[in-house]
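For reference, the structure discussed in these notes is given below.
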Amino acid sequence: MSEPDQPSTARMIDFWLGGEHHFPVDVAAARAFEGAYGPCAAIFRSLRDFLGRAVRSIADAGVDGFLVFGAGVPSQGNVHEVVPDATVLYTDVDPVTIRLGQRLLAGSDRAGYGFGDATDIGTIDPAQLHRFVPGWGRRPVGVVFLGLAAFLDDATLARTLDELYEAAAPGSFLAVDFDSEELATYPAALAMMGPAFRMRPPTAFPPLLGRWRPTADGVVPVAEWRTQGEPAPVPDAFYGAVATKPTA
Ligand SMILES: C[S@@+](CC[C@H](N)C(=O)[O-])C[C@H]1O[C@@H](n2cnc3c(N)ncnc32)[C@H](O)[C@@H]1O
């Protein structure tokens, strides 16, 4: 696979999680970011562990099809590894990450990877959608929307989550996270996230969910979401929730 000339936050996360699916340009960017902020591995492990608990809880509610946006690298405790009996469609907009994901999932008949712009679900290949998320729009599914909200302005994020609410069948779930203002005191690190990156105070998160209804766990630091025992001792860089589209 040819080397990309630009780093990707998704592949930087793979590096921090101890994965093997990234390139030297991603490692250089990850190390530069840590130079400006501090160690990141524990923070992203805690975020991936939240994904695991959230997805497991959705599967425990009887859901067996997942649609993942801004999916990044499908390894290191990603959705199909947490719920191997479910079917999963991973989507992203970054062509290098999509190719990497397709290579990783080659041969799987339960998980696939394709292009999908979260802000326009019509960009997803309908054949892939119906193969890996059977009954989309008619059966409850799990929508996974992690690591993405920070790259969408409030209006786009609210519209996107509302369109997903409209499209998903009643009984569906949304797993979502938001970036806090953790980087506000690290201007060099913040600058590395690019001009589209948006930090938000925690009070801004619930209104952005629109009609999606958070479970009783609320919108909380990801390390605290249904944690058994002591939460991981990491900064509250990410808040997360599981929300539902009620059946009635
Ligand atoms: C911070 S990474 C998170 C990756 C993964 N969800 C994780 O937690 O490891 C953000 C990902 O969102 C993708 N992305 C950015 N804008 C997007 C959009 N409008 N629709 C879908 N994916 C998008 C990027 O290409 C990148 O892979």
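The values are calculated or read from the model by the stated rules, or taken from the named source; none is laboratory data. All figures in this text were calculated on a predicted structure; none of them were measured in a lab. Counting neighbours? That spans all protein chains shown, and the Cβs are built from the backbone with ideal geometry, glycine included.
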Practice prompt. Could you please give the count of residues in the stretch 1-39 that are part of a loop (DSSP other than H, G, I, E, B) and within 12 Å of the ligand (Cβ to nearest atom)?
Written response: 8
Practice prompt. Examine the stretch 205-221 for a residue that is within 16 Å of the ligand (Cβ to nearest atom), touching a residue at least 60 places away in the same chain (Cβ under 8 Å) and outside any loop (DSSP other than H, G, I, E, B), and state whether such a residue exists.
Written response: no
Discussion item. Going residue by residue through the stretch 93-115, is there one that turns out to be among the aromatic types (Phe, Trp, Tyr) and surrounded by fewer than 18 Cβ atoms within 10 Å (Cβ to Cβ)?
Written reply: yes
Response to the item:
Contact list, first residue from the stretch 1-15 and in contact (Cβ under 8 Å) with a residue 24 or more places away in the chain, second anywhere and assigned to a helix (DSSP H, G or I) and within 8 Å of the ligand (Cβ to nearest atom), beta-carbon distance below 7 Å, six or more apart or interchain, is SER8/THR97; ALA10/THR97; ARG11/THR97; ILE13/PHE44
Discussion item. Only one of LEU164, LEU148 is under 30 Å from ALA32 (Cα atoms) and at pLDDT 95 or above. Can you tell me which?
Written reply: LEU148
Response to the item:
Scanning the stretch 222-242 residue by residue, those buried (at least 21 other Cβ atoms within 10 Å of the Cβ) and assigned to a loop (DSSP other than H, G, I, E, B) turn out to be TRP225, ALA237
Worksheet item: Which helices (runs of 4 or more DSSP H) sit wholly inside the stretch 54-168 and have at least 1 residues that are out of contact with any helix residue (DSSP H, G or I) (no Cβ under 6 Å at 6 or more places or on another chain), within 16 Å of the ligand (Cβ to nearest atom) and more than 30 Å from ALA248 (Cβ to Cβ)?
Response: 79-82, 95-105, 126-132
Practice prompt. Quick one: count up the residues across the stretch 178-195 that are within 17 Å of the chain's Cα centre (by Cα) and either among the small types (Gly, Ala, Ser) or farther than 15 Å from ALA29 by Cβ (or both).
Written response: 3
Worksheet item: Does the stretch 121-133 include one or more residues that are at pLDDT 95 or above, closer than 27 Å to PRO221 by Cβ, of a type in the set (Ser, Thr, Tyr) and over 14 Å from the mean Cα position of the chain (by Cα)?
Response: no
Worksheet, complete the sentence: Within the stretch 42-77, of all residues that are without any contact (Cβ under 8 Å) to a residue 60 or more places away in the chain and closer than 23 Å to PRO95 by Cα, the one surrounded by the fewest Cβ atoms within 10 Å (Cβ to Cβ) is ARG48
